[in-house]
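Down below is the structure, laid out as structure tokens.
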Amino acid sequence: MKITIPHLGNLYVFVKVLFDCLAVEYILPPPCTKRTLEIGTKYSPEMACLPLKINLGNFIESIELGADTIIITGAGGPCRYGYYCKMHEEMLKDLGYSNVKLIAIDPYAGLPALLKSIKTIFGTVDFINIAVSGVRAYRVMAEVDRLDKLCYYIRPRELVKGSANAVMRLLRDKIYSARNIGEVKKIVKETRAALLNIEVDTTLNPLKIGLMGEIYTIIEPFTNFNMEELLGDLGIEVDKTLTISKWIKEHLVKLHNHKEKAEYDKACEPYLKTPIGGHARESIGHSALYAKRGGDGIMQIYPLTCMPEIVASSILPALSRDYDIPLLTVVIDEITGDAGYKTRIEAFKDLLLKKREAKNNDGLLCRN
């Protein structure tokens, strides 16, 4: 059995370390490319959301490399993600991959189903060994997420543009080639040292944008045209509440930060009282909290036809007015072009700069 997964940001780090620790044979999906998208789009229903299409492309590319088993997580609520496993299974059968098995790790399916899935994947229900390995893998992946956060600070301040991007691109290549957890941890440590060695201008006060929206388009760089790099290169500091480590902790393991959840629930309450699936309430609640912290702008990104984020996008303009914070909503599908996308980002940056300048001038007038 050779297992593969969907490609989603830094998820490959967790899977690689976990499966290496447990001696499970696996094939990491190649990083998402234009070919991945073209394959998935060709064989998916036209109105399916972009994550489903790219995931299908991930699976077919992994199958081409020898994978025969796919692991996908489940979901509850009205978001269509909960149907992905069955939909992908049927699409792969139609394409002649009937020998490929899909296994859902679904925390909503009940304990017996979860135990059955774990035994199928690992060949055992030795929870102590699995749990210890899972914690080790989680810690390494969380450290990689922290490297991303460090980059958010460095990119708009670095003296030589592109330095942080170059370091992070090497990180992925090195981890893919690593042979064990020791090598991965060493690579992560060396990468952090390399990032901290980049010269920055600490006197700068860059624009700050909160990145909100549907989790896949927020976390997977290919889907959002490397938004974090683009914003950083434009001199903008990114604040992103969703990470793959946070998703695993809260979605799969069900360990919520109750204080944080209470804060964004309270902030969201005036705008959306009912959970509607996906991360709609998080998008609204965290947007309000970010505005209160003095952020310069909010950007919402989501795939075309995503119901929870469509609801959030209809609410966020009211929040934008209430908190007097500019909002940019970007909807992505397989035909979205990066040229027009970048033009909108640059125009949004100009708007934020003018708003900050006007605010500073008002402050000077008040003091005089």
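Here are the numbers:
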{"quantity": "Test: Y84 is of a type in the set (F, W, Y), over 25 Å from G277 (Cα atoms) and either in a loop (DSSP other than H, G, I, E, B) or free of Cβ contacts under 8 Å to residues at least 40 places away in the same chain (or both)", "calculated": "no"}
{"quantity": "Residue within the range 90-98 that is polar (S, T, N, Q) and closer than 19 Å to I175 by Cβ present", "calculated": "no"}
{"quantity": "Test for K189: is it in the same structural domain as G74 (by TED's automatic domain parsing) and not in a loop (DSSP other than H, G, I, E, B)", "calculated": "yes"}
{"quantity": "Failed item, numbered, when G66 is tested on (1) within 25 Å of L22 (Cα to Cα); (2) not in a loop (DSSP other than H, G, I, E, B)", "calculated": "(2)"}
{"quantity": "Which numbered condition R179 misses (of (1) among the basic types (K, R); (2) assigned to a helix (DSSP H, G or I); (3) surrounded by fewer than 12 Cβ atoms within 10 Å (Cβ to Cβ))", "calculated": "(2)"}
{"quantity": "Among residues of the range 147-176, those that are modelled with pLDDT of 95 or more and either of a type in the set (D, E) or outside any helix (DSSP H, G or I) (or both), counted", "calculated": "7"}
{"quantity": "When residues of the range 10-24 are limited to those that are under 20 Å from A104 (Cβ atoms) and touching a residue at least 24 places away in the same chain (Cβ under 8 Å), the one surrounded by the fewest Cβ atoms within 10 Å (Cβ to Cβ)", "calculated": "V24"}
{"quantity": "Residue match in the range 196-212 (condition: within 12 Å of the chain's Cα centre (by Cα), assigned by TED's automatic domain parsing to the domain that holds G277 and part of a loop (DSSP other than H, G, I, E, B))", "calculated": "no"}
{"quantity": "Positions within the range 1-53 being in a helix (DSSP H, G or I) and polar (S, T, N, Q), in sequence order", "calculated": "T36, T41"}
{"quantity": "Matching entry among K342, K273 (being surrounded by 13 or more Cβ atoms within 10 Å (Cβ to Cβ), out of contact with any Asp or Glu (no Cβ under 7 Å at 6 or more places or on another chain) and of a type in the set (K, R))", "calculated": "K342"}
{"quantity": "Test result for G278, crowded, with 22+ Cβ neighbours inside 10 Å and more than 30 Å from N205 (Cα to Cα)", "calculated": "yes"}
{"quantity": "Hits in the range 38-53 (condition: hydrophobic (A, V, I, L, M, F, W, C) and either more than 21 Å from the chain's Cα centre (by Cα) or modelled with pLDDT of 95 or more (or both))", "calculated": "I39, M47"}
{"quantity": "Members of the range 88-146 found to be part of a loop (DSSP other than H, G, I, E, B) and under 14 Å from L252 (Cβ atoms), listed by number", "calculated": "D106, P107, Y108, A109"}
{"quantity": "Residue check for C306: out of contact with any Asp or Glu (no Cβ under 7 Å at 6 or more places or on another chain) and among the hydrophobic types (A, V, I, L, M, F, W, C)", "calculated": "no"}
{"quantity": "Odd one out for D350 among (1) in a loop (DSSP other than H, G, I, E, B); (2) loosely packed, with under 14 Cβ neighbours inside 10 Å", "calculated": "(1)"}
{"quantity": "Residue match in the range 79-94 (condition: outside the structural domain of L230 (by TED's automatic domain parsing), of a type in the set (F, W, Y), surrounded by 15 or more Cβ atoms within 10 Å (Cβ to Cβ) and under 28 Å from C306 (Cα atoms))", "calculated": "yes"}
{"quantity": "Identity of the residue in the range 70-101, farther than 17 Å from I54 by Cβ and of a type in the set (K, R), that ends up farthest from the chain's Cα centre (by Cα)", "calculated": "K93"}
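The values are calculated or read from the model by the stated rules, or taken from the named source; none is laboratory data. Because the structure is a prediction, the values reported are computed rather than measured. Neighbour counts run over all protein chains shown; Cβ positions are idealised from the backbone, glycine included.
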